[in-house]
Structure formats: structure tokens, C-alpha cells
Amino acid sequence: MATITFETIKSTVESIRAAAAKRMEKMVMDAGSIAPTHGKDGRLHAPCDNYVWGDVVYMGGQYLPNNEFDAMFKPEHTIKIKMAVSLLPQFQALFPNDKAGKSWDQKGVQVAYFYATVSTAEKTALAKILPESGKKLVLVSEYGEGTSKQWKFNIAPYIKRCLDAFGYDWLERAVEMVEFEYPGMPTTLETNKKTGKLTLRTPYQGQMVRYEYFDNTIYN
């Protein structure tokens, strides 16, 4: 059973938002005490004509580029959190624009996935405490034979599927995507010195692996 509680998730998210709010205050002061508009898309926009942002003058409504702000505020990642349905009101209060999927019975408890849209900063912080998946890829040699299905891991077919679908630009997100499909597998992205192409590397290649399952539900 997962030991992470909703309060842990809430305090993590709120601390990120509080830090972002302080940063925003400084940005507003630097801009002349006129707050930029925070649009529904999570971006900053000039509140009026001749608005000075950094060293550039913008017209009202124009997008104000700020990578640091985007990382802290802009909701551009969706994560799923397995929770007891009884916690749905609390999750919706924390993430008011998001919803849960269909529920099912798990050992007498109604559970569901809550799909939260978060900023890069929130995603990074939550990833350190929250197991998004209820399974982890492990080496058989490290955990014994076990009873789960075992197989010799080969990352090549997965890379080919991704390249066929997205092209080589996709590889810049490869580590994140591989971790999503194969939780627990250490992966690095390396550049071929001769060709300059990116390649995925993992010590699990050619090794016997299996999935280890655990309960990652947030119950309280």
C-alpha cells in the first residue's frame, strides 16, 4: 500500500505555487508594478499597450516570453494519480480543471485515476514522491526468479516504433517516455560521436527482467 497521502501531494504542489507566486511578485515589480495578464493557456500576456517586459515593449495582449515562468506556472504535463474515490473532492480542489476516470473496486475500495495537469516544476517535484505506475521493471538476477513473467529485454523494437511515429526529434523526450512505459528502468540518451545521432542506452539491454507490482493507490 502506498504510504504517500493526499496532504503530502497538496503540500508539495502548494510549495511550488507559493515559490512561483513570490517569483511573480518580483517580476511584476521589475515590470513597473503592473501585473501581466495570466491567460487561460497558462502564459503571460501584456495587460496594456506599450508594456515593458525586460528590454522589449509589447502591445496589449501580446505573449510575454518567460521560460522560468512557464516552467513554474504553465500547465503542460498530464500525470495520473491512482486514488481512492473518496479523495476526489480534495483532488479537484487542488486541480480544479481536471477530472478522474472511471472507478473500479479494488479489494473493497472504490479507486480511480485522477488526471492532473501540472507545470514542469510541479511534475518534477511530484515525480520524486509519487509512484505514477503500480509496476517497476527489475532485473531477475537482482530479485530472484519470482513468479512474474520473465523475458529478455530488448529496447530496439520500442525505439523503432517511436522513430517511425515521431522521427528523430522524438528522441529528445525519449528518456521520459521510456520511463513511462518501463517504470524503474535506468535510461540515458547518448550522442554518437561520428554521426551525431542520439541513441538510447540502458544496462537492462539483453538482461532477463520482470515486473514487480505494488499498490500505488493514495488512500487518505
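The values are calculated or read from the model by the stated rules, or taken from the named source; none is laboratory data. From a predicted model like this one, the values you see are computed outputs, not experimental measurements. All Cβ positions, glycine included, derive from the backbone under ideal geometry; neighbour counts span all protein chains shown.
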Fill in: Members of segment 75-115 found to be closer than 24 Å to Ala20 by Cβ and assigned to a loop (DSSP other than H, G, I, E, B), listed by number
Pro75, Glu76, Phe95, Pro96, Asn97, Asp98
Worksheet item: For segment 11-30, how many residues meet the condition of being touching a helix residue (DSSP H, G or I) at 6+ places or on another chain (Cβ under 8 Å) and either among the aliphatic types (A, V, I, L, M) or at pLDDT below 85 (or both)?
Response: 7
Practice prompt. Six or more apart or on different chains, Cβ under 9 Å: which pairs go from a residue in segment 98-116 that's aliphatic (A, V, I, L, M) to one that's surrounded by fewer than 12 Cβ atoms within 10 Å (Cβ to Cβ) and not in a strand (DSSP E or B)? Could you list them?
Written response: Ala112/Gly101; Ala112/Lys102
Fill in: Contacts under 8 angstrom Cβ, first residue in segment 178-197 being without any contact (Cβ under 8 Å) to a residue 40 or more places away in the chain and among the β-branched types (Val, Ile, Thr), partner surrounded by 11 or more Cβ atoms within 10 Å (Cβ to Cβ) and assigned to a strand (DSSP E or B), 6 or more apart
Val178/Leu200; Thr187/Leu200; Thr187/Arg201; Thr188/Leu200; Thr188/Arg201; Thr191/Leu198; Thr191/Thr199
Worksheet entry | Pro65 being exposed (fewer than 15 other Cβ atoms within 10 Å of the Cβ), in a loop (DSSP other than H, G, I, E, B) and not acidic (Asp, Glu) | yes
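Please return the ranges of helices (runs of 4 or more DSSP H) entirely within segment 120-183 where 1 or more residues are at pLDDT 85 or above and either in the same structural domain as Pro203 (by TED's automatic domain parsing) or crowded, with 16+ Cβ neighbours inside 10 Å (or both). Working first, answer last.
Working: elements: 120-127, 140-143, 156-166, 174-181.
The qualifying helices (runs of 4 or more DSSP H) are 120-127, 140-143.
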Worksheet item: Which one is modelled with the highest pLDDT among residues in segment 31-71 that are charged (D, E, K, R) and closer than 22 Å to Thr120 by Cβ?
Response: Arg43
